[in-house]
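The values are calculated or read from the model by the stated rules, or taken from the named source; none is laboratory data. The structure displayed is predicted, hence computed values, not measured ones. Neighbour counts run over all protein chains shown; Cβ positions are idealised from the backbone, glycine included. When the accessible area is computed, the model is the full protein with side chains, heavy atoms only, and any ligands, DNA or RNA have been set aside. Shrake-Rupley method; radii C 1.70, N 1.55, O 1.52, S 1.80 Å.
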Amino acid sequence: MSKFRVFVSAAVALGLISPTAAYAAPTVDNTQEPASIRVAIRENNPNGEPDPRGRIVWVQSVPFYQYCEDVLPNEWMPSWHSESLKAGAMAIKMFAWYHHLHPITIDGFTFDVDNTTNFQTFRYLSRQPDTNRAVTSIRRYAYVKPNGEIIELNYRAGIPNDPNWQYRNAQKMAQWGSQYWAQRGRNYIQILQFYYQQRALRQVRA
Amino acid sequence: MKPQRHLFPSVARRITSACVIAAVLTPHITAQATTPSEPGQHSVPVQQPGTSSRDRLDPYAPWPTARLRVHVIDGRTLQPLPGAEVVLVETEQRLRTDANGYTPWFDAPVIRNPRFRPLVAELHGQLTVIAYKNGYRDSIHMGIRTHEGMDSEATVWMYKIGPEDRRIEPVLYQVPYHHLWLIELVDRFRRNSQLGEGWQDPNR
């Protein structure tokens, strides 16, 4: 046996080199739910609103579910139907989870998401009782590919009082569309199934 | 007497044929008359619920209300501030925070900005509160969102006055507009000949 082979087998035995270097997609089975998320806080514009093109001021570490609670009332309307809010809570959670697994670095700041519509609108401590209930109710579940792979659940505003079929074609949830279907008696799983095809509801590991 | 008996059906026949011609020539009017516009339609402004058209003209008609509570915290330490006085500017209600920094739940009016009412219905009401506490800067919190029949919470940050503070003035925090309403607003007035960024689109 050559010296090189001995060296490699020793390195594998010591755990210095992984014997299988194949890329494994992050799934709900091999990935822990994030405990916290890094939110880049962008500069406000002169009117005092967070500016999607503003400079990054600092990166705030927020507990994961607190982040979801502080996003939902700013993305969905808290007065909307509870099933629409649950569908929104699931989309916000899976969007954040995906970006937690794929952090980025801009201007020397490494973060998962920012506080503007570049990612999801986040206002610290803006959570509301009704939206908190929606986040709590979907807490044990994840909406992923059938093999468990965690993917980004995208959404856009959409058109009010309309099923928003064109958003289903684009595989994005329409926020107004989720309210449309909830008012017509669909539950949050049916709303998610309408907008995102070939996905599965999975239980999150405790 | 006999000619009169024949006259009536012939007049009726003429009126019916006139109606049919009118319906063919003016289909938009006929359609409007037969299918009333759906409530909550995109272009139709949503009225304040529980208020009839007569009530809306009456300055003494009560506003719809929703439950609200305010959480007052120290802006630096994020710890709750007990004993702060919170004033709801619109109704001059005064409340005091408990040991956890919360005011009791109270009924607050849901007031939508009248500037935009006839053009685009706002999706939520807005309120202003001021928080006072000894040793802290006064905090004004504008644009607190309220919805009819729904509980809402607002967090007010207060900043302690330190020895380095020379010019002591109130602190203002204004809640930004909800992005869904901003999209509604720009789509409402967009011309097809001047699209700007264009209509809301799933492919962007």
Give all pairs with beta carbons closer than 6 Å in which a residue from the range A:73-96 that is within 12 Å of chain B (Cβ to nearest Cβ) meets a residue that is of a type in the set (D, E) and open to solvent by 10 Å² or more (accessible area, probe 1.4 Å); count only pairs at least 6 apart in sequence or on separate chains. A:P78/A:D130
Examine the range B:152-167 for a residue that is surrounded by 15 or more Cβ atoms within 10 Å (Cβ to Cβ) and within 15 Å of the chain's Cα centre (by Cα), and state whether such a residue exists. yes
Quick check on this structure: which one of A:N161, A:N132, A:N169 is without any contact (Cβ under 8 Å) to a residue 12 or more places away in the chain, farther than 18 Å from A:D29 by Cβ and out of contact with any Leu (no Cβ under 6 Å at 6 or more places or on another chain)? A:N169
Of all residues making up the range A:107-135, the number that are more than 16 Å from A:A35 (Cβ to Cβ), in a helix (DSSP H, G or I) and among the β-branched types (V, I, T): 1
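With respect to A:L201, is the statement that it is in contact (Cβ under 8 Å) with a residue 12 or more places away in the chain and over 21 Å from A:T121 (Cα atoms) true? Lay out the reasoning, then the answer.
Details: in contact (Cβ under 8 Å) with a residue 12 or more places away in the chain: yes; over 21 Å from A:T121 (Cα atoms): yes.
Yes, satisfied.
Among the residues of the range A:152-206, write down those that are among the polar types (S, T, N, Q), part of a loop (DSSP other than H, G, I, E, B) and open to solvent by 10 Å² or more (accessible area, probe 1.4 Å). Steps first, answer last, please.
Start the filter on the range A:152-206 by keeping residues that are among the polar types (S, T, N, Q), which leaves A:154, A:161, A:164, A:166, A:169, A:171, A:175, A:178-179, A:183, A:187, A:190, A:193, A:197-198, A:203.
Next, from what is left, pick out any that are part of a loop (DSSP other than H, G, I, E, B): A:154, A:161, A:164, A:171, A:187, A:197-198.
Selection gives A:N154, A:N161, A:Q171, A:N187, A:Q197, A:Q198.
Taking the stated definitions as given, is B:P170 surrounded by fewer than 16 Cβ atoms within 10 Å (Cβ to Cβ) and within 24 Å of A:N44 (Cα to Cα)?
Working: surrounded by fewer than 16 Cβ atoms within 10 Å (Cβ to Cβ): yes; within 24 Å of A:N44 (Cα to Cα): yes.
Yes: the conditions hold for B:P170.
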Within the range B:117-129, count every residue that is out of contact with any helix residue (DSSP H, G or I) (no Cβ under 7 Å at 6 or more places or on another chain), part of a loop (DSSP other than H, G, I, E, B) and surrounded by 15 or more Cβ atoms within 10 Å (Cβ to Cβ). 3
Given the residues A:D114, A:D130, A:D51, A:D107, which is the only one that is of a type in the set (D, E, K, R) and open to solvent by less than 20 Å² (accessible area, probe 1.4 Å)? A:D114
